[in-house]
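These notes are about the structure you will find just below.
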Amino acid sequence: MEFLTLVNYYEQLEATTKRLEMRDILIQLFKEAELEEIDKIAYLTLGTLYPAYVGIELGVAEKLAIRALKMVTGFDESKIEELLNKIGDLGQVAENILSQKKSQLVLFTQPLSVLDVYNKLDKVAKMSGEGAIENKVKTLAGLLAQAQPKEAKYIIRLLTGKMRLGVADMTIIDAVSMLFGGTKEAREVFERAYNISSDIGIVVREAKKSGIDGARSIKLSIGRPARPMLAERLSDSKEILEKLGGRGLAEYKYDGERLQIHKNDSDIIIFSRRQENITHQFPDVVERCRSRLRARKAIVECEAVAVEPDTGDMLPFQELMHRRRKYDVEKAAQLYPVSLFFFDALLINDEELLDRPLLERRSILDEIVDKSEDISLTKAIEVSDPEALDRYMLKAVEDGCEGVIVKDISPRSIYTAGARGWLWIKYKRSYVSKLIDTLDLVVIGAFYGKGKRSGKFGTVLVAAYDKSMDMFRSICKVGTGFKDEDFDKLTEMLKQLAVPHKPPRVDSTMVPDVWVMPQLVLEIVGDEITLSPVHTAGFGKIAKDAGLAIRFPRFTGRYRFDKAPEDATTIDEVIEMYKSQLKVIQPKEEVEPT
């Protein structure tokens, strides 16, 4: 496929505000793509070269891209920067100035192919060492010299990580399922293939090659993380046990970082909940798992919890942030040690365990973990009585945890990678003491501030995630809880995500000053959930002409960079929280005086 053809599809995607149109455009794109390029096209459409777990990113700063543009066009860097400040999109700047430079056309010898562009960008991403910056600039300049103006726009956007298409992984899954499966049931097969591989390229390639059978052929693999199973949330112990058929496993909910650990003989790889390779951050965990996981091959999950070196007491999640560094990692491991609490096994040796019941998986896990003070299984008990569950939850809180997760232990208690369902239910301290827990909400728009916030974004419009429709639906505006430095930080981050129209996967009747792509997740707390005629989260689910909104929302100060937007609080969770809240605040029935 010529790269210009792909760019034409990108222009169609960028122009639409309708999700179904977006899906149909992708269907036509994948239908036209050849087998050897379709995975590359999927990655490029998401603005990447590889899945997150590979850890190879373009990471080209705008200043470097500007240098490459100068080399090709002869425009002064200050002039390019001036145009960038005016237009706000370096890709559009590149198209404009290349269109002006008519003499550029004489350099064209043959059209660029998708593989030409991908391979050049891949080469740039892998350049390192002495002279790497200059080599990147020269390589990029050579690529831009071959490109037509609108091809250059998307090359620059790819380089700087600002594609602005609004396409997400599940949008691609929808298109692939419709094209190569054709039935509603087929989507489950393709989504499962993606959830256990975390690799959209593998899924589309196998689908193109062998249809739905190709998707079924994708299995768990060491070195390729599965997307984590997720939990729903409830605030009443009786309701939790009713959801689980009367009995469940109550497991401590630790305030740590979720790790997925892959072992292949002596090789250890550690992935975050967002499938990023973070092995370098945990050299101590690598050594511990190398000797204390008694299995030749394993894919297991645990919580890494920061502990006080002198006492062994568990510390808050924020203490783990000290481990996120490139240098002095060994020193950080000594200053901020962690304990590991294992809770699930996905693969042991050559046997996949996803379809085994929870207690069976946990029994196998128990056999392979060589336990001590700094490595063990999560504390857990079986419960069938609401009062016993309440007591255990309070004990977990007393021991320094957030609460408990209550898990299904029936024969249906399989591991559903990437899914959020009623097999796992969070029961946390805050549900008992407040009407509402914190919510992880996605920024979809921003409003300019006044006074000392003038010139900056002073308020953000946030949304909850509708998983059934793959949409982000507005739930409130947030303007409190931010510190002065937050306004600078938010303004910088959100300007990078700004788009000229409402993104296709966003549903909001409220119109902000600036729309942004739904990527940034913030932790929000509020007083209660109320009915709202303005916001679209859960619209029509509780009342005919109303959605749900957060009353008196406040930013907690926590940026959830560890969460993808699709991992944010869901509409279903908000509805459940609203219903649970009603049970708490409903007034007692008044009795007529006799």
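Computed from the coordinates by the stated procedures, all read-outs in this text should not be read as laboratory data. Not measured: the values here are computed from a predicted model. Note that each Cβ is placed from the backbone with ideal geometry, even for glycine, and that neighbours are counted across all protein chains shown.
Miscellaneous remarks
- Here LYS123 is the anchor, and the aspartates and glutamates within straight C-alpha reach of less than 15 Å, apart from those fewer than 8 places off in the same chain, are GLU57, GLU134.
- Above-threshold pairs, the threshold being 26 Å between Cα atoms, out of LYS150/LYS489; LYS136/LYS208; LYS208/LYS563; LYS18/LYS153; LYS31/LYS495: LYS150/LYS489; LYS136/LYS208; LYS208/LYS563; LYS31/LYS495
- Partners for LYS243 among aspartates and glutamates (Cα-Cα distance below 19 Å; same-chain residues under 8 apart left out): GLU232, GLU251, GLU382, ASP385, GLU387, ASP390, ASP408, ASP572, GLU573, GLU576
- Rounded to 10°, Cα long-axis angle of helix 3-15 versus longest principal axis of the chain: 50 degrees
- For the chain, convex hull of alpha carbons as volume per residue, Å³: 184 Å³
- Angle between the chain longest axis and helix 358-368 axis [Cα atoms, degrees, rounded to 10]: 80 degrees
- Put in line by how crowded their Cβ is, counting other Cβ atoms within 10 Å and starting with the fewest, ARG558, ARG192, ARG473 read ARG558, ARG192, ARG473.
- Segment 185-211 and segment 213-234 have Cα centres spaced 11 Å apart.
- LEU346 long-range amide H proximity, modeled H, under 5 Å: ILE299, VAL300, GLU301
- 20 Å tail of the calculated P(r), segment 230-433, as % of Cα pairs: 56 percent
- Averaging the sequence gap over all C-alpha pairs within less than 8 Å and six or more residues apart, then dividing by the number of residues, gives segment 439-584 a relative contact order of 28 percent.
- Calculated translational diffusion coefficient of segment 48-160 (25 °C, 0.890 mPa s; Stokes-Einstein with Kirkwood radius over alpha-carbon pairs) equals 172 µm²/s.
- Student exercise, the chain dipole from Lys, Arg, Asp, Glu Cβ charges, in Debye to nearest 20: 1400 debye
- Segment 107-169 - Kirkwood radius from inverse mean 1/r over Cα pairs (Å): 12.7 Å
- Selected from ILE529, LEU144, GLY131, residue furthest toward positive end of dipole (the chain; charges at beta carbon): LEU144
- As a length-normalised measure over Cα pairs under 8 Å and 6 or more apart, the relative contact order of segment 48-160 settles at 43 percent.
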